[in-house]
Every structure is written in structure tokens, then in C-alpha cells.
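The values are calculated or read from the model by the stated rules, or taken from the named source; none is laboratory data. Bear in mind that the values here come from a model prediction, so they are computed numbers and not experimental data. Neighbour counts run over all protein chains shown; Cβ positions are idealised from the backbone, glycine included.
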Amino acid sequence: MPSGSGTNPREMQAADPADIELLRGTARKIFADDLSLEVLGDAGLLALLTPESLGGAGWRPLEACVVAEEAGRTLSGVPWASNLLAAAALSGDLRWRDTAESLMAGQATASVANRDQLDVDDRTGGVSGKVAVSGSREPDFLVFIGSGREPVVVDCRAERVTFDPSQSFDTTRVGSTAVLREAVAHAVGGADGSLLEDAAVLMACADSLGALSFAASLVQEHLVDRVAFERPLASFQVIQHRLANLSILEAAGDALIGRAAGLLTVAAESRGQLLSATHSYFRRHVPAAIDDCIQLAGGIGFTWEFPLHHAMRRSLANSYAMRSPRTPVTQVFVAPQFDDTRAEADQFRAHARRVIGEHAPFQMREGHRAPTTPEEEFSLRTWYRVLYENGLIGASWPADRGGDPDHNPLHELVVKEELIRARAPRPIDQVQLASHVIISFGDDAQKTRYLPRIRKAEDIWCQLFSEPDCGSDLAGIKARAELRSDGRWALSGQKTWTTDGHWAQMGLALLRTSTEGRRHEGLTAFLVPMDSAGLELRPKLTIGGAYEFNDVFLDGIVLEPEQVIGGVGNGWVVAMSGLEVERFGVGGDVLLLELLIADLVRVAGSIDVDRSPILDRLDVRQEIATLESEASAARAFVADHVDRALRNIERPADASIAKALYSETYHAIARYGAELVAEHSPVPDTAASEAQRLVDAWLWSRALTISGGTSEIMRNIIAKRRLRLPQ
């Protein structure tokens, strides 16, 4: 925590979204107009990290990052960030209070560097060496922060400092090399150098996010306007997917910065880990992404006047501005549970944890969810009934159908987190979908007949949607239901990838009842007994060897009129309503990333090569650190997505971005774990369970990137709904 009266997170006030947008607009205009430091000072943008008691605006790292993002978006060369940080560092020391005020007003200039660059003569106390200066050729002050020590300042106007012009690859900001020869460095009290260093690193990341946003917008505009092969280049799917990747990166980066900025306002033990993960994520992804923008732009991207390369150079300079990215893995970062500070959430979490601890039948293997014996099936049905009876699932139902009138949507997330944490069997998605459809579209007779059997776990439901020739493209369904003269329906065709069909009693089917009009207009939803005469099941094994899904042949099945749900021709609406079943998307599932990382660390720490655990090897530690940064980005975006869902705020394609980030990160972590297990098999008994879980997760991971809409379909949705690219 900070010392003295300097930078103090406790002075931070909650940011109002309207105020943030006003600040963003102000900063964008100032930077776009290339105005001076004095204008930034007049607007208060150089005082965002200085306590109000010392003439500043308070400790506001989120607002500072917003301004940094706008500076990067405009590729501004104004050295505002150095003044901001230097003022915060000096303001707590009475000897430097006037200097801090001059810096906040933009009347003096400073350059900030890491204190590790100082070479101190123990005999004279003088400092010598060379320091890179960015944004100003001859700053008035050099301020050194970080390394867990108090900041120090060199007054360049009074000390032995000269400046040599330098040719930097960052073409957006002027620079020089400060040469110090036995200059006097003054220790500064009242500030936390490590906290300021974290703020500096995060602001550099935010600046890179702005540069990325600028580059992505520029190349997208170019590709929309550029016509080749008689169509806009942006209409080609391969281009759209690469633009969607940029959008995913922007969204994840923005979420990471927001979460990290929040940790800068509290004394959180996980602050350093998340800051390191954020820095690693930006360093690895952003310069490469802008580099890819040059490729997407084609020949014009390779010209000096097209400014993509300036953004790329700037982001690369930001990556190494304050610290080395090679931070070793020392602990697994555990993200805060969503809204876990609320008393009600705490009480419900304790209730959920108790029920799960007392009744969970066994630990579930990833990719092995269906029962394999009658005993397992009995245990699962008993378990699901317990979850309903204790309000852990089904609480959102209408009260007259068994739901809780005081249900809090947050509890759904808490339950999923606790089930995952205990590795207990989780509710069946298809049963939740069927419940939602019956409640939303069923008549009283259907609700009375089916809902009680679901709550008692007497009926397991499966989903009869996908077909051999249509998976994600549900509008392409061909399996038919034809109306007979007696008012009943005759079914024909095949369904596939039917999870749990072999032990389900009922199926929710989407069938074509008309070929008139647009494709999705001729679909109808049906409630199909899985023991219907004429229904044939053929098992399909997963790549993990589990019997999870089936081919289902419907030829010869006859259904009664009351087995239509939602009305004839309204099947598309019924199917799409399923998107509302899990309002938090992968909100709780993201906890699995933490468990996978923990298993990975355990396995790497248990495998010895040459009498040393491979976790001590730099390549292994760096790979785990990389995967942890990817997991941090996924967690941060999903957490923001959940927060918006709780406030009923919806942004285009947010759910698609969340699914892509989560599922692809899950696959990457599990794959690396499987590689370690394969390379060092047999794994020691002390980590055998963790090794098995990693292999199970790897073999299951492609189900996550394929089912519910493939990663490629997610990118199509992002391109269409978020970026609004030409189709």
C-alpha cells in the first residue's frame, strides 16, 4: 500500500459510466486536435493519479487508462502520461509539491523510467548511465519508479544531464537518450513506487489498446470500401474472420484493463499476478495483430503514408516501456467470484456449497457425463432431484410450478461455480432447454404433464435439432413432420449428435412442416417420446471413448396434435428462445480455466527431469504464464459480460465473443497439459488424477469449440452483428 500522503487507492471513487464517456470524448478531442500539455492540464487530465488533498483529482487509474486509450487511438505524441505519473510520484513530498503542481498544470515536463535503470555510485551517491526518453526531447525532470522502493527524481535543469537525439522505431513520439554523469538523484517520500509502476504498465497497455482500435477501424474501413472480384473485400469470409479476431482481441483487452484497474484501487494480493498477465497478453497479441492489419490492407499497408505501421511501432514500444514481460509463475491467480461481496450471495453460496458437499454422488470427468451403469443413472437422477428440491436449479420457474418467487438470477451463476469447484455433475443443458420451452410456449396441459416429471428427474430430455447436413445452420433442417388427414403428424428423417438420447425419456425436436416462404418459417417444435414406435437410436462414441451422443432415426413415428409446442410454423422462435436459457453464457464455466491451470501447475511440479521438476524450466514456466494470461483475458471479458447481463445490458455478439474466448482457451490449456503428460508418461502417482483430468479435458475440448455454434460461426456472428460487415 502507498505510504505517507501520496498516491492512495482509498481516495479512489467509483467511476460513473456517463462520466467515463464524457472523459473519453474530452480526451479524444484534445488529442485529435494535437493540443498542448497545458490544455491537458487545464482539463484536469494530468491530475488523475494525484490525491484531491494535494490538488489532484484523486486516485483514478480507470480514468487514466481511458485517457491513455484515446492517446493511443489518435497516435498522440503529447507526453501526458509521464507528467501524470511524475506528478503522482512527487505530490506527497513537500519538497517537490510545487514541481508536482507545475507538472499537473502542464507547465513543466517529465520523463518516467524504471528505477532498475539507475546506476548509483555508493561512494558519491551520484547516478550515471543512459535512459531512453519518450515524448520529450529534453524533459525538465527524470522520475524513476518501481522495484518496490520509493521513487527518485533528477532535476535535469540543475544536474549533469545531457540529451542525445535518438532514432526510435516509435515514429509517433519524439525521443532522446538522457545521459547522466554523476547526477544527484533525490529520494521522494509519500508514494508507492511499485503501485505507480503498475499504473504505468497498465496505462501503456491501454495506449496499445487505443492503437489497436485505430488500426482495426482503419483496415476495416479500407476493406469495406475496396472492391475486388466484383465485391467488397470485407465480404469474403476469410477476411471477416480475421476482422472478427481483432474485435475479440479488443473486447478481451478492454475487459482485462478494466479488471486490472479495479485491483489498483484495493490492496489485492492478486494485483501483481493480474497485472503481469495483462502485460503479457498485450505484449504478445497487440503488436502482432496490428502487424496483421498491414497484411490485410495489402500494398497500401506497406506504404509509409498509410499509418498502420506507426500504430504497430507504438504498441511494440509500449510493450517494453516499463518492465520485462518474462514474469515467472509463482502462484495460480484465482479470480474473485462474481459479486461475492453481497451478503445474500454469500449466504446462498454457503447453502449451495453445503448441499453439494452432502449430496454430490461422485466427481465428474470432463467429456464423460452420461451414466454408464444402472447404478450411476440412479445416482444421477437422485442428484438432480436433490438440486431441484433445494432450490439450486429450477428456482427461476414460476412459483406455481415450483419456482422461487424471490429468485435472484445471480444464484444461477453461484450454483454453476460451486458445482464446478466441487467437480460435481452439472445439470443437463437439454433438460434446462426443455423446461424453458415448456414454461414459455407450453399450454397448461403440457406444463402440468411434463414439468413435475422434470423436477422429480423422472424425465431426462434430449435435443433433436442437428442433422447430418445441418449443424449450426438450423434453418437448413430437412427432417419432416407431415400432417395426416386424421390430424396427427408423421415424422421422417434423421437427427444426429443427440446428447443423452440413449437414456432420455423425451426429446425436443425441430422439424420441417412446410417448404413455403423463407427456410426458417417452415419449422415446428415437437415433444417426442423417445420410446415412440419407429424411433431408432444408434450410439456414437466421442474421441474420448465416451458414449455421449447418438444418431436418431425418426421414420414411422406418429405424434398427436398436442405434441406440437409453440404453434405450427413457430419452431424457429421456439429454438432461438433457447439462447435465453443460460443468460450468463459461459459465466460459471470460466472457472474451469482456473482448475485446468491448477492441474497443469500440479503436473509440471510433479514431473522430474534430471532431479528437478520441469516447472522450474523457463520454457515450461513461460508457457504456463502465457496460458494464464489467456485465461485472465477470458475471465475478465466473461465477468464483464455477466455484469452487463445482471443489469440487462446487451451488446452485439457479446455471447459469441465470450464463447470463443472461453472454449479456445480451454482447448489451449488442456492441449498443453496433454502434451506434457504424453512427453513424460507415466506421470508420478502424486499427480495421476490431475494428468487424467487434463487428458480428459483435451479430448473433450473440441466439443466446446464445435457445439452450440462452432468458433467459425461465432466469428460470422461477430462480423455480421458487431462489425456490420457487408454480406
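Values for this structure:
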| quantity | calculated |
| --- | --- |
| Enumeration of residues in segment 663-698 that are farther than 26 Å from residue 252 by Cβ, assigned to a helix (DSSP H, G or I) and not polar (S, T, N, Q) | 677, 678, 679, 685, 687, 688, 690, 691, 695, 696 |
| Residues (in contact with a Leu (Cβ under 8 Å, 6 or more places away or on another chain), small (Gly, Ala, Ser) and not in a strand (DSSP E or B)) located in segment 138-186 | 146, 185 |
| Every pair of residues 6+ apart whose Cβ atoms lie under 9 Å, when the first sits in segment 150-176 and is under 12 Å from residue 136 (Cβ atoms) while the second is acidic (Asp, Glu) | 156/138; 156/140; 163/138; 176/138; 176/164 |
| Unique match (being within 23 Å of residue 598 (Cβ to Cβ), not basic (Lys, Arg) and either not in a helix (DSSP H, G or I) or not assigned by TED's automatic domain parsing to the domain that holds residue 544 (or both)) among 645, 655, 639 | 639 |
| Selection from segment 468-494 of residues that are within 34 Å of the chain's Cα centre (by Cα) and not charged (D, E, K, R) | 468, 470, 471, 472, 474, 475, 476, 477 |
| Those residues of segment 490-535 which are within 25 Å of residue 369 (Cα to Cα), free of Cβ contacts under 8 Å to residues at least 60 places away in the same chain and not in a loop (DSSP other than H, G, I, E, B), in sequence order | 495, 507, 509, 529 |
| Test: residue in segment 646-655 that is buried (at least 24 other Cβ atoms within 10 Å of the Cβ), under 27 Å from residue 407 (Cβ atoms) and at pLDDT 90 or above | no |
| Residue 82, sole failed condition from (1) over 30 Å from residue 310 (Cβ atoms); (2) surrounded by 21 or more Cβ atoms within 10 Å (Cβ to Cβ); (3) out of contact with any Phe, Trp or Tyr (no Cβ under 8 Å at 6 or more places or on another chain) | (1) |
| Complete set of residues in segment 384-412 that are touching a Leu at 6+ places or on another chain (Cβ under 9 Å) and small (Gly, Ala, Ser) | 394, 402 |
| Residue in segment 269-285 that is under 20 Å from residue 594 (Cα atoms), more than 20 Å from the chain's Cα centre (by Cα) and not β-branched (Val, Ile, Thr) present | yes |
| Positions within segment 547-579 being surrounded by 18 or more Cβ atoms within 10 Å (Cβ to Cβ), at pLDDT below 95 and among the hydrophobic types (A, V, I, L, M, F, W, C), in sequence order | 549, 572, 574, 575 |
| Residue in segment 251-258 that is in a helix (DSSP H, G or I) and over 30 Å from residue 149 (Cα atoms) present | yes |
| Residue 458 being charged (D, E, K, R) and either surrounded by 17 or more Cβ atoms within 10 Å (Cβ to Cβ) or touching a Cys at 6+ places or on another chain (Cβ under 9 Å) (or both) | no |
| Matching residues, segment 413-469, being within 20 Å of residue 364 (Cβ to Cβ) and basic (Lys, Arg) | 416, 421, 423, 426 |
| From 503, 497, residue being at positive phi, within 37 Å of the chain's Cα centre (by Cα) and either surrounded by 20 or more Cβ atoms within 10 Å (Cβ to Cβ) or modelled with pLDDT of 95 or more (or both) | 497 |
| Residue 161 being of a type in the set (A, V, I, L, M, F, W, C) and over 30 Å from residue 258 (Cβ atoms) | yes |
| Unmet requirement for residue 594, which otherwise passes all of (1) under 19 Å from the mean Cα position of the chain (by Cα); (2) of a type in the set (D, E, K, R); (3) not in a helix (DSSP H, G or I) | (3) |
| Residues satisfying the stated conditions in segment 270-313, i.e. in a helix (DSSP H, G or I) and either charged (D, E, K, R) or at positive phi (or both) | 271, 283, 284, 291, 292, 298, 313 |
| Lone qualifier among 238, 219, 161, 224 - being hydrophobic (A, V, I, L, M, F, W, C) and at pLDDT below 95 | 161 |
| Answer residue from segment 391-439, given it is among the charged types (D, E, K, R) and without any contact (Cβ under 8 Å) to a residue 40 or more places away in the chain and is surrounded by the most Cβ atoms within 10 Å (Cβ to Cβ) among those | 404 |
| Members of segment 99-132 that are farther than 11 Å from residue 84 by Cα and touching a Gly at 6+ places or on another chain (Cβ under 6 Å) | 114, 115, 119 |
| Counted residues, segment 366-378 - those being surrounded by fewer than 17 Cβ atoms within 10 Å (Cβ to Cβ) and either more than 22 Å from residue 543 (Cα to Cα) or not polar (S, T, N, Q) (or both) | 5 |
| Segment 522-546 - residue that is surrounded by 13 or more Cβ atoms within 10 Å (Cβ to Cβ) and of a type in the set (Gly, Ala, Ser) and, of those, farthest from the chain's Cα centre (by Cα) | 534 |
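Yes or no, residue by residue, for (1) within 23 Å of residue 63 (Cβ to Cβ); (2) crowded, with 21+ Cβ neighbours inside 10 Å:
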| site | (1), (2) |
| --- | --- |
| 205 | yes, yes |
| 212 | yes, yes |
| 221 | no, no |
| 237 | no, no |
| 244 | no, yes |
